[in-house]
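Notes follow the structure.
Derivation of every value follows stated rules applied to the coordinates shown; laboratory data play no part. All figures in this text were calculated on a predicted structure; none of them were measured in a lab. Please note: Cβ atoms are built from the backbone with ideal geometry, for glycine as well, and neighbour counts cover all protein chains shown.
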Amino acid sequence: MSDTKPMCLSGKGVTKVFGLGAKKTVAVDHVDFEFYEGELISIVGESGSGKTTIAKMLLGLIGVTEGQVFFQGKPRDISTHKKKKEYWKDIQAIFQDPFSSFNVFSKIDAVLLDCINMRGGRWFSRDKKTSMMTEACSFVNLKYAELTNKYPFELSGGQMQRLMIARIFLLKPKILLADEPTSMIDACSRATILNMLMHLRDEIGMTIIFITHDIGLAYYISDSVYIMEHGKFVESGTADEVILNSKADYTKRLISDVPKIYEEWDLSTV
Ligand SMILES: Nc1ncnc2c1ncn2[C@@H]1O[C@H](COP(=O)(O)OP(=O)(O)OP(=O)(O)O)[C@@H](O)[C@H]1O
Ligand SMILES: [Mg+2]
């Protein structure tokens with residue numbers, strides 16, 4: 001939360017209702033938020049609380065039932081395909097399942113070339129494009145020469161996640177939405193990927209919206225934290241305000257559920 005940084009993405013009364021009548025689900029229920037440029041914002045909540053739904057609305061993949069999203073302080077307009085494509089230059093995402101993020105019939109070169117083209121590099125020489133792709137791969141510790149001519153399904157889960165970050169490195173969006181990008185991989189790769197994202201944020205001043213169940217991790221990496229329960233933000237503020245001085249019972253419960261790995265086992269009660 002900052003008064004000095006420019007507003008990046010914000011929302012008033014943003015709501016998503018799926019279905020009708022008895023089958024109606026209010027997945028996101030009148031949420032307000034203000035995300036500032038260059039911040040790392042975490043949205044934390046349990047399964048089914050509406051995190052992915054809000055991510056999809058922010059990306060413009062699904063419509064908003066009620067309310068309004070603002071981009072850089074102005075009402076967001078993605079009413080035409082052309083406007084949507086423009087908007088997607090500024091906002092990109094890494095999803096829970098990396099396998100769903102790529103066209104399985106595109107080779108990895110094509111995936112990365114697409115990013116260069118989107119950033120206006122269509123007419124760059126083949127050499128320049130290759131050197132950009134090589135640089136992006138080495139940023140995430142992948143070897144371009146070993147990937148060229150492969151299909152995404154020929155990569156491991158961890159390599160795939162890193163390929164997604166290589167895409168972001170080339171696209172340099174203003175906003176990156178990361179929906180639990182680390183859930184598929186081990187703790188060590190998870191730390192590496194988070195470090196890569198933080199490094200990228202420092203390098204290009206990107207805003208990161210990080211969606212997770214892990215309140216401990218959110219405390220460690222975030223500037224601002226939004227706690228989500230049943231489609232509502234029950235609490236928001238700086239990481240210190242929300243996690244060290246929580247007001248909502250729900251937040252307190254999430255915190256108390258974090259396993260305390262340093263606490264000694266008390267076997268006397270067993
Ligand atoms: N396309 C859909 N049609 C109907 N209901 C949906 C749809 N997508 C999501 N929902 C419902 O909306 C609610 C919120 O789902 P959402 O995927 O946003 O949760 P989440 O917080 O991302 O959960 P998780 O942590 O498990 O990923 C759930 O009750 C879900 O069943
Ligand atoms: Mg989800």
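Computed from label points 7 Å out along Cα-Cβ, the spacing between ASN141 and ASP249 is 4.4 nm.
Once the C-beta distance of GLU46 and PHE124 is scaled by a Förster radius of 51 Å, the resulting FRET efficiency is 0.65 to the nearest 0.05. Once you sort the root eigenvalues of the Cα gyration tensor of the chain as a ≥ b ≥ c, which label holds: rounded (a/c under 1.5), prolate (a/b larger than b/c) or oblate (the other case)? Judged from the Cα gyration tensor, the chain comes out oblate (a/c at least 1.5, b/c at or above a/b). Between beta-carbons, use under 12 Å as the cut-off and find the net charge around LEU58, counting Lys and Arg +1, Asp and Glu -1. It works out to a net charge of +2.
Listed peptides 194-206, 218-230 appear in the order 218-230, 194-206 once ranked by packing, highest mean of other Cβ atoms within 10 Å at the front. Maximal additional length on extending the ASP109-TYR220 stretch stands at 36.5 nm, based on 0.36 nm per residue less the C-alpha distance. Taking a spot 7 Å from the Cα of HIS30 along the direction of its beta carbon, which residues of the stretch 217-240 have an amide N less than 13 Å from it? Residues passing the 13 Å test: 232-233. When DSSP beta bridges are restricted to pairs lying wholly in the chain, around 50% turn out antiparallel.
Under 1.5 on a/c is rounded, so check that first for the stretch 1-143, then, if it is not, pick prolate when a/b is larger than b/c and oblate when it is not; a ≥ b ≥ c are the square roots of the alpha carbon gyration tensor eigenvalues. Here the stretch 1-143 falls in the prolate category.
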